[in-house]
Amino acid sequence: MKGLPGMKTSHSYVIGFDLKYAQRLKLKSAIFLLPILLSGCYSLDFTHHEKCIHPELPKYKGIKTALVLGGGGVKGMAHVAILEELNAAGIKPDLIVGCSAGAIIGAFYADGVDLKDLKEDLLEQTRSDLLDITFGDITFGLSRGVLLQAYLNKHLKSKNIEDMKKPFVAVATNLEFGDLVAFGKGPITDAVMASAAYPGVFHPVKINGEYYVDGGVANPCPVDIARKLGAEYVIAVDLSGDLTTSPPSNLLGIAKRSLEISYLHQSKMASKGADFIFSIPFKDIETFGDGYQGEVYRLGKAHIKASIEDLRKDLRKKR
């Protein structure tokens, strides 16, 4: 298997985009042109329904344990370590709910991709493998997600969510109404692309006439979706980590840190409804940072190994 992330994923705010990354990509001029782009003549064609239309979800039976995989960009590598250790411990969730990076990893797991192959592939990837920059069309984002979409289409065995080996749901944020929308049926690629459409980086994704952006904008760790689908026991993986240690040095830095604080609190609140939470203490790892995969994997592995016995005890107690 070739391809996967240095990957996209959640924090989910346009101004949260790493300025150093932009500079390395020679996008300084694009930043200065931002006011012109934002005042351009093009706009998204909203459907203007009276309220957000939520697609029908499958009616699952016997969902005893659900695993909720939160967003976090390159930190999604920790999901692989956690899935490996859960499998080794004989804890196999009946339902996967994924947001952003969690939707990408969750989709491959639910579709039966071998975790060892997935890990080896991810460790080799750089940001440019899945993030194509479209300089000619950056009104709504730096990338149309062509590389990510091609990768998903190539490597996912199933085409529709309902055909996957394990029940799977991806969440995205409706751009018109702000609702968190769960996709449990239909094309997998569309749902995952919408869930991972980090604002300002990826273009919004249009599904059935509605525009969607990263699920983390509304809810980075959607435990409530697992509950609505009947899960008796919910394990959540919160990848929000800790705040960066470097202080802001300009107005973009202040705005970025403010949104990081908002996202951090949002993630903690969202994951509170879970029965058991893996909250990994990441520091100074950018959402689209290069070269962090190995470190993230090791942190995820160490965290779950230290906590797996507590999870086993809690599962026995609750059941």
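Ordering 64, 166, 154 by accessible surface, largest first, gives 154, 64, 166; the 1.4 Å probe counts only protein heavy atoms, with every chain in place. Dividing the mean sequence gap of close Cα pairs (under 8 Å, 6+ apart) by how many residues segment 179-243 holds gives a relative contact order of 25 percent.
The equivalent ellipsoid that matches the C-alpha gyration tensor of segment 263-319 spans semi-axes of 25, 17, 6 angstrom, in descending order. For the pair residue 117 and residue 301 in one chain, pulling the backbone fully straight at 0.36 nm per residue adds 64.6 nm over the alpha carbon distance. Residues in the chain average 45 Å² of solvent-accessible surface per residue, probe 1.4 Å, ligands and nucleic acids excluded. Taking amide H as placed 1.01 Å from N in the peptide plane, the amide H of residue 156 sits under 5 Å from none that are at least 5 places away or on another chain. Taking all protein chains together and rolling a 1.4 Å probe, residue 207 ends up with roughly 20 Å² accessible.
Counting only whole DSSP H helices of the chain, the ones at least 18 Å long by C-alpha along their axis and with mean Kyte-Doolittle hydropathy no lower than 0.0 are 251-271.
The mean sequence separation of alpha-carbon pairs under 8 Å and at least six residues apart, normalised by the residue count of the chain, gives a relative contact order of 28 percent. Only protein heavy atoms count here; on that basis, with a 1.4 Å probe, residue 206 has an accessible area of about 110 Å².
The accessible area of residue 109, taken with all protein chains in place and a 1.4 Å probe, comes to roughly 30 Å². Averaging the Cα positions of each part gives two centres, and for segment 136-195 and segment 248-271 these lie 25 Å apart.
Computed extension length for residue 160-residue 176: 3.2 nm, one decimal, from 0.36 nm per residue of separation with the Cα-Cα distance subtracted. Which of rounded, prolate, oblate describes segment 174-319, given a ≥ b ≥ c as roots of the alpha-carbon gyration tensor eigenvalues and a/c under 1.5 marking rounded, otherwise prolate only if a/b is larger than b/c? Since a/c reaches 1.5 but b/c is at least a/b, the shape of segment 174-319 is classed as oblate.
For the set 210, 124, 260, the ranking by accessible area, highest first and with no ligand, DNA or RNA atoms included, is 124, 260, 210 under a 1.4 Å probe. Against the criterion of solvent-accessible heavy-atom surface with a 1.4 angstrom probe, 244, 173 sort, most first, into 244, 173. Computed over segment 107-251, relative contact order equals 20 percent, with contacts defined as Cα pairs under 8 Å that lie 6+ residues apart. Counting only residues at least eight positions apart within a chain, or on another chain, the aspartates and glutamates with an alpha carbon under 13 Å from that of residue 206 are 45, 176, 190, 214. Checking every one of the chymotrypsin sites (Phe, Trp or Tyr not before Pro) in segment 214-319 against DSSP loop status and a limit of 12 other Cβ atoms within 10 Å picks out no site at all. Our summary of shape: the Cα atoms of the chain have principal axis extents of 58, 44, 36 Å, ordered from largest down, in whole angstrom.
Here's how it looks for residue 207: its modeled amide H is under 5 Å from those of 212, which are all 5 or more places away or on a different chain.
The values are calculated or read from the model by the stated rules, or taken from the named source; none is laboratory data. As the structure is a prediction and not an experimental result, all values here were calculated from the model. Cβ: placed from backbone, ideal geometry, glycine included. Neighbour counts: every protein chain shown. Surface accessibility is based on the protein's heavy atoms, side chains included, excluding ligands, DNA and RNA. Shrake-Rupley method; radii C 1.70, N 1.55, O 1.52, S 1.80 Å.
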